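Nothing in this text is a laboratory measurement; each read-out follows from the coordinates by a stated rule. Please read these numbers as outputs of a predicted model, since none were measured by experiment. Positions of Cβ are backbone-derived with ideal geometry, glycine not excepted, and every protein chain shown enters the neighbour counts.
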Amino acid sequence: MRPLHLALIAALLAPTAAAAQAPTAPPPSQQLLDMARQIRADAERLKDSLTPEDRAEMLRQADEMEQEVKAGSYAPFDAVKKAPPTFGEQLLAEHDGRMEWLTPTGACAGYNQESYTTYRDPLGDAAHHARCVRAYELWSVFTKVLLSGQGNKATDAALRAYDAAAREAYEKSFRQPTGR
């Protein structure tokens, strides 16, 4: 492999490793400027082992990158902002990657997606039974809406309804607020 190729690979990998460690990556134009700076540094560091043509090619590539940034070619990518998390993403983050988070809490022990229509609470607490059945009914509605492809608004509304019912079942079962 030619030294030019090694230098380019090193230049490409260096910003990637730094970006992976950073909590938020710099905008694309800044990443490109950093890469150009790295290519220049590599060309200088490797000048004894590079041919004059290879070194000139590396410097030309760095110049070209800087000119592209100055020309505004990457401005549209810099302006892209990450959308706020959806309600589903918030639920996943809050409940260790689970949207249907009621089952593992034990608040509705004995109830689950398959048995909520036939299961009866052995303690005979009608209010508890109604809350648990309602939560699982709404989870069933959510899955049907999701699978039917009715769109994000309908899916989000169904998921919010399930979450509200599940929170009520949880809070009334354990008499603890869930944090919302």
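Between segment 106-170 and segment 21-61, what's the alpha-carbon centroid distance in Å?
Here the answer is 56 Å between Cα centres.
Work out how far the C-alpha atoms of segment 34-180 reach from end to end along every principal axis, then list the three figures in whole Å, largest first.
Largest to smallest, the principal-axis extents are 86, 31, 26 Å.
Relative contact order (percent) for segment 87-174, with alpha-carbon contacts under 8 angstrom and 6 or more residues of separation?
Relative contact order for segment 87-174 comes out at 34 percent.
List the GluC sites (Glu not before Pro) within segment 62-159 that DSSP assigns to loop and that have no more than 10 neighbouring Cβ atoms inside 10 Å.
Filter output for segment 62-159: 114.
Counting only Cα, what are the radius of gyration and maximum Cα-Cα distance Dmax of segment 33-78, in Å?
My reading of the Cα-based Rg and Dmax gives 12.1, 39 Å.
What are the ³J(HN,Hα) couplings of segment 97-108, residue after residue, when phi is run through the Karplus curve with 6.51, -1.76, 1.60 and θ = phi - 60°? Round to Hz, x for glycine and proline.
Once θ is set to phi - 60°, the couplings for segment 97-108 become x, 10, 7, 8, 9, 5, 3, x, 6, x, 5, 10 Hz.
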